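Heads up, the thing below is written out as structure tokens.
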Amino acid sequence: MAEKTNNTGEMNNEAVDEVVEEVFDEAESVGEETVETAEQQNEEGSSLASELEAKLEESENRYYRLRADFENFRRRVNLDKESSEKYRAQSLISDLLPAIDNFERAMQMAPENEQTKSLLQGMDMVYRSLIEALKKEGVEPIEAVGTEFDPHLHQAVMQVEDPEHESNIVVEEFQKGYKLKDRVIRPSMVKVNQ
């Protein structure tokens, strides 16, 4: 830029105006660039913020799903633990039931002499001890004869037509059924009236 000076060495008004205009033009272009840069940064910042918000929401959702899965797992484990404690004797009881059936069949024999009678009394005492021990564990026999047939409790092996009994009533029990608390260990084998 060539400066125009008068003979006293001072700049004239025209030169000052040109310099001022050039400075303002440069300032305007720098200001426009700064505004454009700020707008770009603002747009980039808002897109980055929305991206981060989406990732945060996804992470929160994943956290809530994992927490719910963990709560379900913990509830299942507690239910399994309670169930295993409640029914811990089931396999032992299932193994003892055939022996109890044999005791019942043996005690139905008619004593022929005094020796057989005392043997049956001893067997009866052992039988009652077993039944008491099973009751303490929560085992109870399933009532069958005279009750309405329930497929959850009874296993029908025969049907008869007996006018003395109502329809769907258990007439005879072939094998006694047992429940452990609220679970059927062995259903009763029964004869049902049609």
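A short reminder: the numbers here are calculations on the coordinates, not readings from a lab. Computed from a predicted structure; not experimentally measured. Cβ placement follows ideal geometry from the backbone for every residue including glycine, while neighbour counts extend to all protein chains displayed.
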(message) Against the empirical 2.2 N^0.38 Å scaling, what ratio does the C-alpha Rg of the stretch 47-103 come to?
(response) 2.41
(request) Return the lysines within reach of Lys176: Cα separation strictly under 16 angstrom, same-chain partners fewer than 8 residues apart disregarded; answer none if there are no such residues. (result) Lys135, Lys191
(message) Given points 7 Å out from each Cα along the Cα-Cβ axis, report the Ser84 to Arg67 separation in nanometres with one decimal.
(response) 2.9
(request) Could you estimate the translational diffusion coefficient of the stretch 57-136 from the Stokes-Einstein equation, with Rh from the Kirkwood formula over C-alpha pairs, at 37 °C and 0.692 mPa s, in whole µm²/s? (result) 193
(message) Given Cβ point charges of +1 (Lys, Arg) and -1 (Asp, Glu) and nothing else, what value in debye, to the nearest 20, does the dipole of the stretch 48-103 about its Cα centre take?
(response) 180
(request) With 5 Å bins from zero, work out the P(r) of the stretch 148-194 over every alpha carbon pair and list the percent per bin. (result) 6, 26, 29, 19, 12, 6, 2, 0
(message) With unit charges on the beta carbons (Lys and Arg positive, Asp and Glu negative) and the dipole taken about the Cα centre of the stretch 134-179, which residue among Met158, Val171, Pro141 sits farthest to the positive side?
(response) Pro141
(request) Find the Cα radius of gyration of the stretch 73-194, compare it with 2.2 N^0.38 Å by division, and give the number to two decimals. (result) 1.32
